[in-house]
Amino acid sequence: QSKYFATSDSDFQCGGTKNLYNNLFSSASNDGTITSRNYVDVSNGTDATVTFEWLAIPYRSYGVDYIIYVEYSTDDGSSWNAITQFAVTTTTSCTTYSETISAANLSSGSDFKFQIRGEWQSGDSFFYLDNIDISQVFSCAAPSALTARNETATSADLGWTENGTASLYNV
């Protein structure tokens, strides 16, 4: 159950022209989860960084009171691993969330699915999400002993020492 909606209201954005929001109020039926699709065999076995921006605003004079769960799955959502959870109990201006998932938990070739789940506690308020980014760093050893010979206006002979196991190069 998604319960997230898109908005282009600039008063509730951290950047850009659109974001997502969820109105958490009155019962668990208004809890909301936003889930990515499952990315099959995507992990390269390195740390993954999860970053997003968020803000919290009450509806009228009601209170802000919910819990946000940030989770990932390596088995298409059959089980979820907690990255973190945090309580939101006050109006919060644009805040950046950033966390690293250890490479030990993301074996090479594993699937990856991500979700942010809100759980209403009391009150009536909005949770806004903006600029969600999930990335892994490729672990490629940098080449050394870079050389350029026989330079002309349109060509050069390039050379380097491979310090890893690369067999394909982008120049």
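The values are calculated or read from the model by the stated rules, or taken from the named source; none is laboratory data. Worth saying up front: this structure is predicted, and the values here are computed from it rather than measured. With ideal geometry, Cβ positions are generated from the backbone for all residues, glycine too; neighbour counts draw on all protein chains shown. Remember, those area values only see protein heavy atoms, side chains included, never the ligands or the DNA or RNA. Shrake-Rupley method; radii C 1.70, N 1.55, O 1.52, S 1.80 Å.
So the values come out like this:
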{"read-out": "Conditions (1) surrounded by fewer than 12 Cβ atoms within 10 Å (Cβ to Cβ); (2) small (G, A, S); (3) modelled with pLDDT of 90 or more; number of the one not met by S167", "value": "(3)"}
{"read-out": "Test for L146: is it over 14 Å from V50 (Cβ atoms) and at pLDDT below 95", "value": "yes"}
{"read-out": "Counted residues, the stretch 57-104 - those being under 23 Å from Q136 (Cα atoms) and out of contact with any strand residue (DSSP E or B) (no Cβ under 7 Å at 6 or more places or on another chain)", "value": "5"}
{"read-out": "Any hit, the stretch 47-59, residues being in contact (Cβ under 8 Å) with a residue 40 or more places away in the chain, open to solvent by less than 40 Å² (accessible area, probe 1.4 Å) and in a loop (DSSP other than H, G, I, E, B)", "value": "no"}
{"read-out": "T91 being among the hydroxyl-bearing types (S, T, Y) and under 27 Å from S27 (Cβ atoms)", "value": "yes"}
{"read-out": "Single residue of the stretch 21-38 satisfying the filter (open to solvent by 50 Å² or more (accessible area, probe 1.4 Å) and not in a loop (DSSP other than H, G, I, E, B)) that is farthest from D76 (Cα to Cα)", "value": "F25"}
{"read-out": "Considering residues of the stretch 74-128 that are in contact with a Leu (Cβ under 9 Å, 6 or more places away or on another chain) and open to solvent by 70 Å² or more (accessible area, probe 1.4 Å) only, the residue farthest from N23 (Cα to Cα)", "value": "S93"}
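Let's see how each residue does on (1) assigned to a strand (DSSP E or B); (2) without any contact (Cβ under 8 Å) to a residue 40 or more places away in the chain:
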| residue | (1), (2) |
| --- | --- |
| T90 | no, yes |
| S93 | yes, yes |
| S108 | no, no |
| K113 | yes, no |
| I116 | yes, no |
| L129 | yes, no |
